[in-house]
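Worksheet for the structure shown next.
The values are calculated or read from the model by the stated rules, or taken from the named source; none is laboratory data. Not measured: the values here are computed from a predicted model. Ideal geometry is used to build each Cβ from the backbone, glycine not excepted, and the neighbour counts take in all protein chains shown. Side chains included, ligands, DNA and RNA excluded: accessible areas come from the protein's heavy atoms. Shrake-Rupley method; radii C 1.70, N 1.55, O 1.52, S 1.80 Å.
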Amino acid sequence: MLGKTTLPNDVLRAFARTLKSVGLTGVIIYVLLSLGSALAGSLVAVFLVPLVQPGHTLPLGGGLFDVQGGIDLHSAVFAGTAIAFALLRWQAARLGARLVGRYGMNLRCMVHAQLIDAPLASLADATSAEIANVLTHNIEIVTQGFNALLQLLVVGVTSIVSVGFALWVSPPLVFVAPLLAGFGLMASRISSREQSLVSRQYVSDLTRLFWHSEDFPRRLRHVRSFEKEEAEKDGYGAISERLGYGYQRQLELIASGRLMLELLAAVGIAAVFMLAYRLHGVDQASLIAVCLLLGRLLPYLVSTRQSFQQLRSAVPAFELWRRYMYLQPTRSSAAPPGAVASGDVLYVEHIRLMPPLDALDIDELVLMPGELTLISGDSGIGKSSLVDVLAGMATPKEFSARIDGQSIDFDTYCQLVRRGAYVSQSVRPWQRSIRECLLWAAPGATDEMLTSALEDVGLAKRLAASRRGLDSAIDNASSKLSGGELQRLLLAQVILRQPRVALLDEATSALDVASEIMVLSQLKHRLPHTILIVVSHRPDVMAIADQRLVIGEDLSVVASVA
């Protein structure tokens, strides 16, 4: 229970399952290290008493802690125990950092993989902002909650052990602890130049991850049509790994700063007592023993409230993450077996869309390679929904088609159009450079092939004007491409892809009429074996179209041949 927040059993079970991703062994070792550091820290205060009161034997464990010898030996035992405590705590913090980093990375990769393979219908009610939040900031909140849980575990173990030892050593001095509260504050202040650099890089990677996740539903069509699901998962995983390391390194630097403070404190206290007794110091230092024992708890007490706040925030964030983890994969990412010759004509006999567009009926649509089919109609009339069906990414209510005289169902149709290219007006490249963007679509393409494709879509002059050529940054202030140029770049991907079916949903909307006609004509010329389906409001496109489908306000369809 977190304050007024209750955790249903299914949420707890789901959270327990996510712990498997970080490894149960690692969690057990973390608990043991935390317990060991708590015991060692308490022993530091126990071994401090003989330094303050020579010859005094503590009534603990039948003389177990009665170290025989002079002040030098007592000082060495104290310093050794303090160093052991600091090292155990440091190792526990480092392991905790690795667990937290790995936990966040795994959550990101798991939900991203689910989204990549999710059916489009399951994302119909999801906004791009929510999906981007699920993939970025939401995971951060859950990861912080997991880190807070680990910290509270340390607080609990340390508190029980330290309070027990304090009562055991000197009950009257249990409440004399505030003198060392500043140690916790000092530890939290320790920073370094590396920590600043790591933090900036972490923010940069997180921004990159958000950019990578922008407008996910439309981008998903683009990714699937180019058969780049695995490449996207790998790219997303690489960024997530950098973020996981950044988070891990930030926590490690904090732990290292705390280690230095505790090592200096241990050596300093031992040196002070050795000097004090050689100079006949006073006996008032006995207060330090209990203060050292209980003072370790003060930084934890300060951070406990924040940890509970992080846990409260993590609960709804985890529930949102879990909701997207229930999306069922729509199909396998593997290429379909038994490819059909690219020159075969597809005869779509009948299509009826799912409600609420089930009144939209299409009969006898001939999809001929090398020809351009224009789809037009008012906004919101169902053009994009029809294109989703023709792309094989949305299931229609009714479907029948033929190829080479043989009837096929929708599953077979999806296999036939698997090698496709889907470009929407709202999708923009998310790669860093022009070269990276084009090679994403055609990994084996040469520079000559890339340059040729750019010439076909009218970007050759823009490329020649840049000093970096193909390596020009897409979103750099000095080389930023306009909306029309970004659309041209995506169309260059289509040329390099050489798809069986290319679906352009307002993909030339940012171009003027003359440029639109030029680019579409060039696509027809360069893709003689590709079925071109273009959604556009501009009647001028009809000049180069081979057939046209007009969807009326009453969802009636009028087909005509140019």
- [ ] Just grab the label-to-label distance for residue 19 and residue 480, each label 7 Å out from Cα along the Cβ direction, in nm (one decimal).
- [x] 4.8
- [ ] State the extension gain, in nm to one decimal, for the chain segment bounded by residue 436 and residue 359, taking 0.36 nm per residue of separation less the distance between their alpha-carbons.
- [x] 23.4 nm
- [ ] Answer rounded, prolate or oblate for the stretch 341-419, using the Cα gyration tensor with square roots of eigenvalues a ≥ b ≥ c: rounded when a/c is under 1.5, else prolate when a/b is larger than b/c, else oblate.
- [x] prolate
Task: 503, 73, reordered so the largest accessible area comes first (probe 1.4 Å) - done: 73, 503
- [ ] Take the cross-link list 383/461; 480/524; 228/480 and give me the ones stretching past 32 Å between alpha-carbons.
- [x] 383/461
Task: Amide hydrogen neighbours beyond the local backbone of residue 346, cut-off 5 Å, H modeled - done: 367
- [ ] Would you compute, for the Cα atoms of the stretch 374-445, the largest minus smallest coordinate along each principal axis and list the three values in descending order, in whole Å?
- [x] 43, 34, 20
Task: Share of carbon and sulfur in the accessible heavy-atom surface of the stretch 396-501 [1.4 Å probe, %] - done: 45
Task: Equivalent ellipsoid, the stretch 67-118 (semi-axes from 5 times Cα gyration tensor eigenvalues, Å) - done: 49, 5, 4
- [ ] Take 136, 446, 25 and sort them by solvent-accessible surface of the protein heavy atoms, 1.4 Å probe, largest at the top.
- [x] 25, 446, 136
Open item on the list: For a protection proxy built on the mean count of beta-carbon atoms within 10 angstrom, sort 99-110, 372-383 highest first, please.
Closed with: 99-110, 372-383
- [ ] Multiply the residue separation of residue 368 and residue 402 by 0.36 nm, subtract the distance between their alpha-carbon atoms, and state the gained length in nm to one decimal.
- [x] 11.0 nm
- [ ] For 325, 449, give the ranking by accessible area with the largest first, probe 1.4 Å.
- [x] 449, 325
Task: Extension gain from residue 231 to residue 10, taking 0.36 nm per residue of separation minus the Cα-Cα distance - done: 76.3 nm
Open item on the list: Please list, in order along the stretch 150-162, the HN-Hα scalar couplings obtained from phi with the Karplus expression 6.51 cos²θ - 1.76 cosθ + 1.60 (θ = phi - 60°), rounded to whole Hz, x for Gly and Pro.
Closed with: 5, 5, 5, 4, 5, 4, x, 5, 5, 5, 4, 5, 5
Task: Amide H partners (placed H, <5 Å) of residue 377, local residues excluded - done: 551
Task: Descending semi-axes in Å of the stretch 405-562, equivalent ellipsoid built from Cα gyration tensor - done: 29, 19, 14
